[in-house]
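Let me begin by presenting the structure, written as structure tokens, before commenting on it.
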Amino acid sequence: MLKGKSLLCLLDFSKQEIEKMMEVSFQMKNFHMLRSVPRSLDGKTVAMLFEKPSTRTRVSFETAIRLLGGNPIVLNKSDIQLSRGEPVEDTARVLGRFVDGIAARVLKHETLELLAKYSNKPTINLLSDLSHPLQALADFMTIKEKFGEYTSLTFVGDGGDNVLVSLMAFVAKMGLEIKVASPKEFKPRDDIMKRIEEEAEKSGAIIEFYEDPYEAVRGSKVVYTDVWVSMGQESIAEKKKELLRNYRVTTDLMRYASKDAIFMHCLPAVRGEEVENEVIDGPQSAVWDQAENRLYTAMSVLSLLL
Ligand code: CP
Ligand code: NVA
């Protein structure tokens, strides 16, 4: 049911399709442990285009392609003609003639839409200014591993964050619950928030915004944060840091969450800024499991879409 589709945003998928991606992620983890990964990408080539740096996404995705028997081609923007002004449309048309799928980390989400449209090949979002769907899949996989089910979570920090948008999209589609503690200045793009709210209405999901982080984390099983200054936001860094200074995840804040709460962060983190060292390096931190699960969700999505 998913073959040939692009993954630009989780909102484009049904609950059943997202459940399938999760189910296959768990299977892939098992296959990987047993060293019996199916070669479902045998003979297939995937181009991975990067307009911004990456560690986890780059390595997990390239490893996933290789484990499934496919061939990755990593293209850093500075190495290709895109950096000299060749239009995205033309780049997409050419890539589409060579490869079976495209994955891209882009400055502007619209670039992903152009890549998908003009390549005519399944295109996968490896992070844009708008969203980071593969991250949200790995995060909910981690939550399910820790608690045996998808629990509610609280996101503390930048209310317009790209990872948060994908977490909210997952919650909205699956009928779950998320609380967001953020200064009122930071909100996702209006059009995407409207789509998230429409989906939440249909599924019965609960999405609540708070200004007080203490109120938002009370009793929560998962406390999640991301950097205050995302890639591409360097020019507004000082303003964001000023507005977010009361939204640091501290050991004190964690005391208000559930006793068995976990701390999550997509990484990379700025220790001492959005999170205290004692939290990210402490016993409640699930950040390395989250990072590891990026591999299995990448394998799942690749095997299902390609
Ligand atoms: N979480 C994540 O996407 O990390 P990278 O920027 O290292 O890929
Ligand atoms: N919000 C961060 C996520 C990095 C994985 C960024 O876009 O820089």
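We did not get these values from a lab; they are worked out from the coordinates using the rules stated. All of these numbers come straight from a predicted model, not from anything done at the bench. Because the Cβ atoms are built from the backbone with ideal geometry, glycine has one as well, and the counts that use them run over all protein chains shown.
Some points to look at:
- Long-range amide H partners of Ser285 with built H, under 5 Å: Phe263
- Contour minus Cα-Cα distance for Ser40 and Asp212 (0.36 nm per residue): 57.2 nm
- Net charge, Arg195 excluded, C-beta distance under 13 Å - Lys, Arg +1, Asp, Glu -1: -3
- Nearest 10 degrees, 0 to 90: helix 56-67 Cα axis against the chain principal axis: 40
- Rg and Dmax of the chain, Cα atoms only, in Å: 18.8, 55
- Computed with the Debye formula from one identical point scatterer per Cα of the stretch 34-148, without solvent, the log10 of I(q)/I(0) at q = 0.13, 0.16 Å⁻¹ comes to -0.52, -0.77.
- In degrees, nearest ten, helix 109-119 long axis to first principal axis of the chain (Cα): 20
- The calculated FRET efficiency for the pair Ile80 and Lys117, based on their C-beta separation and a Förster distance of 30 Å, comes to about 0.95.
- For the stretch 200-210, 3J(HN,Hα) per residue [Karplus equation, 6.51 cos²θ - 1.76 cosθ + 1.60, θ = phi - 60°, Hz, x = Gly/Pro]: 5, 4, 5, 8, x, 5, 10, 10, 10, 9, 10
- By the Stokes-Einstein formula, at 1.002 mPa s and 20 °C, the stretch 134-291 with its Kirkwood radius over alpha-carbon pairs has D equal to 139 µm²/s.
- 15 Å Cα-Cα reach of Lys77 towards aspartates and glutamates, excluding residues that sit fewer than 8 places from it in its own chain: Glu51, Glu86, Glu89, Asp90
- Between Glu145 and Arg255, the FRET efficiency from the beta-carbon distance, with R0 = 22 Å, is close to 0.35.
- Helix axis angle, 15-33 relative to the chain longest principal axis, alpha carbon, degrees: 80
- Between the amide H of Asp158 and those of Asp226, distances stay under 5 Å, these residues lying 5 or more places away or on another chain, with hydrogens modeled in the peptide plane.
- Between Ile206 and Leu176, Glu177, Ile178, the built amide H atoms are under 5 Å apart, and every one of these is 5 or more places off in sequence or on another chain.
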